[in-house]
Amino acid sequence: MTTNTETILASLNTHAGRGADGRPYDLEGACRQFKADIIVLQEVWRPRGGPDQVADIAAALGTELLRADLKEDTDLRSFGIADETARGYWGLATLTTLPVTGYEVADLGRIAGDSTPRAAQLITMELPGRGLLRIVNTHLTHRMLSPVQLLRLVRLLATDDIPTVIAGDLNMPAPLTGLAVGYAPAVSGRTFPAHRPLLQLDHILASRRVARRGGEVLPPAGSDHLPVRARLRL
């Protein structure tokens, strides 16, 4: 957790709180194990009318929840995750113990063949005694044009000079993240598929004004992706 100098950030593609076999896993337990000040989650699911698993986790951990619903009338069967037809909401979520001073959702555009709109949560937080830190939570397209969306995101972020970290399932192998000029990887290691990782699709990229103090790929949490975690310092 936060020390006088470091902040811990963790990221997980939750796969809707289901494993590769479609069965629910203990997402709250996974989030607790991260021992992080900021947790960014992708492929977050909540059925219409509840229960709201991520809201319950945020309350249990004593964190503020910021959510971005990318699809508001869908089901898990349409994503090929589970044989469930209950309608609900799909998107991104960020949990943080740090004071939030600014929040917006940036549209990254739609890609042909990808039914999910792509976006990024841009969250500015106050690190007591150290200044502002912007965390960007995103899940880029799987349709081969994720680098285009990453470039679009980096250009958007360049409009102001805030120490920034991009985190999430970028749907690209590590070498392609070099397209994010001015950012450097805080974690190196394969994350997908969780049972036998072949590629790193999940990344934490820090801008020049953010020091990387160590990062790691964590053990399986239940999702089809492995979580990643980094220690950061301004």
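The values are calculated or read from the model by the stated rules, or taken from the named source; none is laboratory data. Everything quoted here is computed from the prediction, not taken from an experiment. Glycine gets a Cβ as well: all are built from the backbone with ideal geometry, and neighbour counts include every protein chain shown. These area figures cover heavy atoms from the full protein model, side chains too; ligands, DNA and RNA do not enter into them. Shrake-Rupley method; radii C 1.70, N 1.55, O 1.52, S 1.80 Å.
Examine the stretch 117-125 for a residue that is over 15 Å from the mean Cα position of the chain (by Cα) and outside any strand (DSSP E or B), and state whether such a residue exists.
Yes, there is a match, as at least one residue in the stretch 117-125 is over 15 Å from the mean Cα position of the chain (by Cα) and outside any strand (DSSP E or B).
Please enumerate the residues belonging to the stretch 29-51 that are closer than 13 Å to D69 by Cα and surrounded by 15 or more Cβ atoms within 10 Å (Cβ to Cβ). Give the steps one after another, and end with the answer.
Kept after step one, since they are closer than 13 Å to D69 by Cα, are these residues of the stretch 29-51: 41-48.
Passing the criteria: L41, Q42, E43, V44, W45, R46, P47.
Take D21 and tell me if it is without any contact (Cβ under 8 Å) to a residue 12 or more places away in the chain and over 20 Å from Y89 (Cα atoms). Let's see the steps before the verdict.
On the way: without any contact (Cβ under 8 Å) to a residue 12 or more places away in the chain: yes; over 20 Å from Y89 (Cα atoms): yes.
Answer is yes for this residue.
Residue by residue through the stretch 132-164, note down the ones that are of a type in the set (S, T, N, Q) and in contact with a strand residue (DSSP E or B) (Cβ under 8 Å, 6 or more places away or on another chain). So that I can check it myself, show each step before the final result.
Let us first name the residues in the stretch 132-164 that are of a type in the set (S, T, N, Q), namely 137-138, 141, 146, 149, 159, 164.
Residues satisfying the conditions are N137, T138, T141, Q149, T164.
Tally up the residues in the stretch 172-185 that are farther than 17 Å from L122 by Cα, open to solvent by 40 Å² or more (accessible area, probe 1.4 Å) and within 17 Å of the chain's Cα centre (by Cα), please.
Count: 3.
Any residue at all in the stretch 178-185 that is farther than 24 Å from R130 by Cβ and assigned to a helix (DSSP H, G or I)?
So the first thing to find is which residues in the stretch 178-185 are farther than 24 Å from R130 by Cβ, and the list is 178-179, 181.
From the residues that got through so far, the ones that are assigned to a helix (DSSP H, G or I) too are 178-179.
Scanning the stretch 178-185 turns up at least one residue that is farther than 24 Å from R130 by Cβ and assigned to a helix (DSSP H, G or I).
Answer yes or no: is there a residue in the stretch 47-62 that is within 19 Å of the chain's Cα centre (by Cα), under 27 Å from P147 (Cβ atoms), modelled with pLDDT of 95 or more and among the hydrophobic types (A, V, I, L, M, F, W, C).
Within the stretch 47-62 (the criterion being within 19 Å of the chain's Cα centre (by Cα), under 27 Å from P147 (Cβ atoms), modelled with pLDDT of 95 or more and among the hydrophobic types (A, V, I, L, M, F, W, C)), the answer is no, since none of the residues qualifies.
When you go through (1) touching a residue at least 60 places away in the same chain (Cβ under 8 Å); (2) over 25 Å from K35 (Cβ atoms) one by one for G131, which number turns out not to apply?
Status for G131: all satisfied but (2).
Could you say which residue among V148, V165, V228 is farther than 19 Å from V100 by Cβ and buried (at least 18 other Cβ atoms within 10 Å of the Cβ)?
V228
Identify all residues within the stretch 186-216 that are out of contact with any helix residue (DSSP H, G or I) (no Cβ under 8 Å at 6 or more places or on another chain), part of a strand (DSSP E or B), aliphatic (A, V, I, L, M) and buried (at least 19 other Cβ atoms within 10 Å of the Cβ); write none if there are none.
Passing the criteria: I204, A206.
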